[in-house]
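Trainee: First the structure, then my questions, so here it is.
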Amino acid sequence: MLKFRTLIVAAFVLVFSFSLYAQEKKEMTSDEWQAEVKRLTEKKVALNGEIAQLKEEVATLKKQFNALQDPAECQKEVLALVDAQKADVAAFGKKVDMLEAQIDARSGDKADLEAALKDLQENRLSACPAYFDKVHNLLQRKLDAWIVKPKEILYTVVKGDCLWNIAKKDNIYGNGFAWPKIYHANKDQIKDPNLIYPKQVFKVPNLTEQEKAKYDKLRRNYKPAPVK
């Protein structure tokens, strides 16, 4: 509709400009005058053609709009197809949102969340347009992108190692203050935390979020003794 109005204004400006042009160019020859009239006439015909085309497009769009089904009726049809009420759909939506929040936060066990997603996918309400893509595609992609670290890794002691230096390694904890975690996990091999030996194989369990916070705080607050 805006383009239609723009073309009408353009046609008016064109005619007005032609009038001014005729006044300013009184010295035009007869041939020049005829050529200019022909050019502007052709331009007018072209603009009228565009206006007519736009009118047809507007009429077509109006027909399509009038043929659209009432959104409320569409929703009723969807609910009928999945044999559910609005309250059922709302409750399902809350479950979807809750699961998405857990996946985004990497909260809980991944296997449990995969099972929860499978239950949602098997629910007939997952066929609702509002949830189909999220339940069957988006959440599955998010789970697939969630790489779960092993609960523990194994580390073989080499000459010169100590528990502090092992814990400080970037591929272990990246924090030497976390050495007690390794010690407590391998008490069957470590009698004295100050004495470890090459070729010993230690279990290195993951730190919990609470443990990470604890050891990070110890590192931040640590102040080396002044050198005398």
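The values are calculated or read from the model by the stated rules, or taken from the named source; none is laboratory data. Computed from a predicted model, the values in this text were never measured in an experiment. Please note: Cβ atoms are built from the backbone with ideal geometry, for glycine as well, and neighbour counts cover all protein chains shown.
Trainee: Looking for something in contact with a Cys (Cβ under 8 Å, 6 or more places away or on another chain) and either modelled with pLDDT of 95 or more or not assigned by TED's automatic domain parsing to the domain that holds residue 86 (or both) - is there at least one such residue anywhere in segment 205-225?
Mentor: Let us first name the residues in segment 205-225 that are in contact with a Cys (Cβ under 8 Å, 6 or more places away or on another chain), namely none.
Looking through segment 205-225, none of the residues is in contact with a Cys (Cβ under 8 Å, 6 or more places away or on another chain) and either modelled with pLDDT of 95 or more or not assigned by TED's automatic domain parsing to the domain that holds residue 86 (or both).
Trainee: Still on this structure, please answer the following. For segment 127-165, enumerate the residues that are part of a helix (DSSP H, G or I), acidic (Asp, Glu) and farther than 14 Å from residue 97 by Cα. Full working, then the answer.
Mentor: So the first thing to find is which residues in segment 127-165 are part of a helix (DSSP H, G or I), and the list is 127, 132-144, 163-165.
Restricting the remaining residues to those that are acidic (Asp, Glu) gives 133, 144.
Residue satisfying the conditions is 144 alone.
Trainee: Please enumerate the residues belonging to segment 121-160 that are among the basic types (Lys, Arg) and touching a residue at least 12 places away in the same chain (Cβ under 8 Å). Talk me through it step by step, then tell me what you get.
Mentor: Restricting attention to segment 121-160, the residues satisfying the condition of being among the basic types (Lys, Arg) are 124, 134, 141-142, 149, 151, 159.
The answer is 124, 134, 142, 149, 151, 159.
Trainee: Step by step: first the residues of segment 123-180, then only those that are exposed (fewer than 14 other Cβ atoms within 10 Å of the Cβ) and among the basic types (Lys, Arg), then the one that is nearest to residue 205 (Cα to Cα). Which residue is that?
Mentor: Checked segment 123-180; the qualifying residue nearest to residue 205 (Cα to Cα) is 151.
Trainee: Of everything in segment 98-142, what is charged (D, E, K, R) and more than 29 Å from residue 208 (Cβ to Cβ)? Give them in sequence order.
Mentor: Initial filter on segment 98-142 (charged (D, E, K, R)): 100, 104, 106, 109-110, 112, 114, 118-119, 122, 124, 133-134, 141-142.
Matches in segment 98-142: 122, 124, 133, 134.
Trainee: Scan segment 97-139 for residues that are of a type in the set (A, V, I, L, M) and either in the same structural domain as residue 209 (by TED's automatic domain parsing) or within 20 Å of the chain's Cα centre (by Cα) (or both) and report the count. Before the answer, list the steps.
Mentor: At the first step, the residues of segment 97-139 found to be of a type in the set (A, V, I, L, M) are 98-99, 101, 103, 105, 111, 113, 115-117, 120, 125, 127, 130, 135, 138-139.
Those left that are additionally either in the same structural domain as residue 209 (by TED's automatic domain parsing) or within 20 Å of the chain's Cα centre (by Cα) (or both): 98-99, 101, 103, 105, 113, 117, 130, 135, 138-139.
Selection size over segment 97-139: 11.
Trainee: Check off (1) surrounded by 10 or more Cβ atoms within 10 Å (Cβ to Cβ); (2) touching a strand residue (DSSP E or B) at 6+ places or on another chain (Cβ under 7 Å); (3) hydrophobic (A, V, I, L, M, F, W, C) for residue 207 and give me the number that stays unchecked.
Mentor: (2)
Trainee: Same structure, new question: Any idea how many residues of segment 184-193 are surrounded by fewer than 18 Cβ atoms within 10 Å (Cβ to Cβ) and touching a helix residue (DSSP H, G or I) at 6+ places or on another chain (Cβ under 8 Å)? Give the derivation first.
Mentor: As a first pass, look at segment 184-193 and keep what is surrounded by fewer than 18 Cβ atoms within 10 Å (Cβ to Cβ): 184-185, 187-189, 191-193.
The next check asks that each one be touching a helix residue (DSSP H, G or I) at 6+ places or on another chain (Cβ under 8 Å); those that pass are 193.
So the count comes out to 1.
Trainee: Among the residues of segment 69-82, is there at least one that is at pLDDT 95 or above and part of a helix (DSSP H, G or I)?
Mentor: no
Trainee: Among the numbered conditions (1) part of a loop (DSSP other than H, G, I, E, B); (2) touching a residue at least 12 places away in the same chain (Cβ under 8 Å); (3) under 30 Å from residue 186 (Cα atoms), tell me where residue 108 comes up short.
Mentor: The one condition residue 108 does not meet is (2).
Trainee: Of the conditions (1) more than 29 Å from the chain's Cα centre (by Cα); (2) surrounded by 11 or more Cβ atoms within 10 Å (Cβ to Cβ); (3) without any contact (Cβ under 8 Å) to a residue 40 or more places away in the chain, residue 216 clears all except one; give me its number.
Mentor: (3)
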